1. Which of the numbered conditions does B:Arg44 fail, given that it passes all the others? Conditions: (1) touching a strand residue (DSSP E or B) at 6+ places or on another chain (Cβ under 8 Å); (2) basic (Lys, Arg); (3) not in a helix (DSSP H, G or I).
2. Answer yes or no: is there a residue in region B:193-208 that is among the hydrophobic types (A, V, I, L, M, F, W, C) and touching a residue at least 40 places away in the same chain (Cβ under 8 Å).
3. Is there a residue in region A:40-52 that is farther than 28 Å from B:Gln34 by Cβ, among the hydroxyl-bearing types (Ser, Thr, Tyr) and in contact (Cβ under 8 Å) with a residue 12 or more places away in the chain?
4. Quick test of your reading of the structure: A:Thr192 fulfils all but one of (1) in contact with a strand residue (DSSP E or B) (Cβ under 6 Å, 6 or more places away or on another chain); (2) at pLDDT below 95. Name the failing condition by number.
5. For region B:41-73, name all the residues that are hydrophobic (A, V, I, L, M, F, W, C) and under 21 Å from A:Leu98 (Cβ atoms).
6. Just wondering, is there one or more residues in region B:20-35 that are surrounded by fewer than 23 Cβ atoms within 10 Å (Cβ to Cβ), part of a loop (DSSP other than H, G, I, E, B) and outside the structural domain of B:His263 (by TED's automatic domain parsing)?
7. Do the conditions hold for C:Leu142, that is, is it buried (at least 24 other Cβ atoms within 10 Å of the Cβ), more than 14 Å from chain A (Cβ to nearest Cβ) and in contact (Cβ under 8 Å) with a residue 60 or more places away in the chain?
8. Tell me, yes or no, whether region C:55-63 has at least one residue that is under 24 Å from C:Leu91 (Cα atoms), modelled with pLDDT of 95 or more and surrounded by 20 or more Cβ atoms within 10 Å (Cβ to Cβ).
Amino acid sequence: MTLSTRHLLGIKDLTPQDISLLLQTAQQFKEVLQRPIKKVPSLRDITIVNLFFENSTRTRISFELAEKRLSADTINFTASGSSVSKGETLLDTVNNILSMKVDMVVMRHSASGAPHFLAKHIPAAIINAGDGINEHPTQALLDALSMTEKHGSLEGLKVAIIGDIMHSRVAQSNLYLLGKMGAEVTVCGPPTLIPKHLAEAFNVRVEYNLRKALEWCDVANVLRIQLERQNQVLFSTLREYNLSYGINRRLLDSLGKDITIMHPGPINRGVELDSDVADSGQSIILQQVENGVAVRMAALYLLSNRQQA
Amino acid sequence: MTLSTRHLLGIKDLTPQDISLLLQTAQQFKEVLQRPIKKVPSLRDITIVNLFFENSTRTRISFELAEKRLSADTINFTASGSSVSKGETLLDTVNNILSMKVDMVVMRHSASGAPHFLAKHIPAAIINAGDGINEHPTQALLDALSMTEKHGSLEGLKVAIIGDIMHSRVAQSNLYLLGKMGAEVTVCGPPTLIPKHLAEAFNVRVEYNLRKALEWCDVANVLRIQLERQNQVLFSTLREYNLSYGINRRLLDSLGKDITIMHPGPINRGVELDSDVADSGQSIILQQVENGVAVRMAALYLLSNRQQA
Amino acid sequence: MTLSTRHLLGIKDLTPQDISLLLQTAQQFKEVLQRPIKKVPSLRDITIVNLFFENSTRTRISFELAEKRLSADTINFTASGSSVSKGETLLDTVNNILSMKVDMVVMRHSASGAPHFLAKHIPAAIINAGDGINEHPTQALLDALSMTEKHGSLEGLKVAIIGDIMHSRVAQSNLYLLGKMGAEVTVCGPPTLIPKHLAEAFNVRVEYNLRKALEWCDVANVLRIQLERQNQVLFSTLREYNLSYGINRRLLDSLGKDITIMHPGPINRGVELDSDVADSGQSIILQQVENGVAVRMAALYLLSNRQQA
């Protein structure tokens, strides 16, 4: 079986069958990661360039680990210290790298749509590792794998996505994926951080009251407050945000049921999530990170020429 | 066959036989790069350190790809975040790295002559990846390979090198190589950017009129305007430079013949080269990039102990 | 034989038997490094993350070389350009990396005790590559290997540690190691840079006069003046430091005996050590660097699961 697409630019372009294939393949790779020897020869002699035009720890390392465990050769490129600062266009930078006969590109960029632009111009398979406020497809896939492991199926699962919906590519990729896979979704956050059109476009519930959203859901996917993406002051202070939308132990205990807590990281402890929630048995945050490597191995493998051959 | 030199510090030190051997070996590696499996075991277990004291995207990645395709182990060193900022001397930095039993060093440095200085003091083979305004030998070799592929031979080929001749290590390495291989050369640019002694030293034509240079040549190697290397204002504005020395479609079409366009990159689009020229069928700019990996594999291979053994 | 400890956090935690085992194993790896093929398959398929929260050239490269020569897969993490700048806690950063199923962590951090904190919380083996002003155990081990090679045994060897004792994790690790292995130690430097409690804690001689210290010792381990760690002015000027505690040729020649000169690097030439001393036959500084790779291979190997299996 193969994917219906040559790139992984966003969940928007995937069919439910694509998503299922990615999750099943990730599950198989996850079994590999439990072994003492965590490496497979699947992508031996394939060269992958990690083009990170935006800072990242976990995503870059997660992809690099996935690549090395598939036995691929990896080249890291970060924007600082590069010809980008000499004024080169994005297309020129990438075309140059591709002329060196690179097989695949993993790319993070602050501009929404940057990987889509490149996909029109270059032959190598591209995986979007996050573009602006648009999509972060491997994050939605690892979230889906984590929810499936915990709750059996996404069909009918009640998921609340909580926080800064407007600036979050994680939220948007999750909205696409959960819609395609039959989950029910509520978005919850301050009115200023939930664009009206988005809730309508995805046909999801909007809830401004955190307690009500938590009482409703099976899973709370708590977003990071991304101060670095906000150009305007959209809520008053971090302390006030915490008072209205931060999740603490007392609130969770008062719900009378066990909901699952997720977070894409890095956590602002004491802002959107208290430590005694993040580190509790209800949290599957570290499982998400673990699943990230398996999901990225699956995406790389399914998009490689090895798979298509 | 082996090279007459233990290092690749500059084209100046090579014999015509050395250059031919490098180009032939690069041609063989280029065939490897067309295969689905682009890797050869030639330098397995050899450790190469890439010492980049100056920013670079394409050259660093090109060398790293060449090394990985030869199955060498690579270590990257960049000046920022290093003990260089703690005030260590260049010789101490390199001696330390060599005491760790590194086999080869690829080095870029802003000081002209830095790799020559090291070659006197250390036993490992050194490849100069660009030193100040002196030489950039692998660039001249990849330019030569690209011209040979397009025009059959360098003997008698008419090459115009256009732009900032004075600050260009690319120009200087090309002047050495083209002279040794029997090409005819014209340098063209504003009088302030063509040092008189250089034209005399290399016995090349000087032409201040761009149209005349293009009418004469088979190949135009268009240099990047390197604003970062100019301490004085040597031409008035980028717009005026573009009006006098920028190459556009209309100018090319008016020549009544097809000349080959080359550029070492990164391109300042709209300054020295317009986009409809850079991306046209006359341009072999991306072939140059592709040939860069093959040429660097050839240099690494021919200078390694593996070859000498 | 195995180490009595699961991590290498400091020399303080090692038994004399541990130290001997590490040195013997390093000696065996050093023989490997003399061969044309310097690689062994010992840690094939093991993934090691190098977490450097502080700048370093030689230590990071030395570890990376050690890892690659053991055939491990390596991932480099440096603080700049990471989620650390997004306000993530150290434990979150490391937990995330470990959720990706990393086998070992090599860590440098500006906070004394950072690796000890992590060792309490995470399952992977940790090697301390320098923590604040506390310990730098692999440096003390490579110093010990270098002294053993030169002088046969540490038992009864007279070692003077000279310079900024107070801010030096190198000094502290050496003090622990030399004490456990039966060497005699004198610390020498300006009174402001030798904390009284330290000399008492380690039961070592204190000598403020450089000439007297040199006349007494077999080996002078000369520390780097670490301007970056001093918050107060603890000596007047570098020139004055050099006049009182810098080691020059004339002083060495006047001793009437050959002492061994060591330095952890990077050297401030003309401050704590003159060039004609650093580069002389009495200096074993570059052997120290060479031994660094062997000692790190030994530590990685002995702490890996491969060894324990």
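1. Failed condition: (1).
2. yes
3. The answer is no, given that none of the residues of region A:40-52 is farther than 28 Å from B:Gln34 by Cβ, among the hydroxyl-bearing types (Ser, Thr, Tyr) and in contact (Cβ under 8 Å) with a residue 12 or more places away in the chain.
4. Failed condition: (1).
5. B:Ile61, B:Phe63, B:Leu65, B:Ala66, B:Leu70, listed by residue number.
6. Yes.
7. Judged against the criteria, C:Leu142 is a match.
8. There is at least one residue in region C:55-63 that is under 24 Å from C:Leu91 (Cα atoms), modelled with pLDDT of 95 or more and surrounded by 20 or more Cβ atoms within 10 Å (Cβ to Cβ).
The values are calculated or read from the model by the stated rules, or taken from the named source; none is laboratory data. This one's a predicted model, so the numbers in the text were calculated from it and none came from an experiment. All Cβ positions, even for glycine, are placed from backbone atoms using ideal geometry, and neighbour counts span all protein chains on display.
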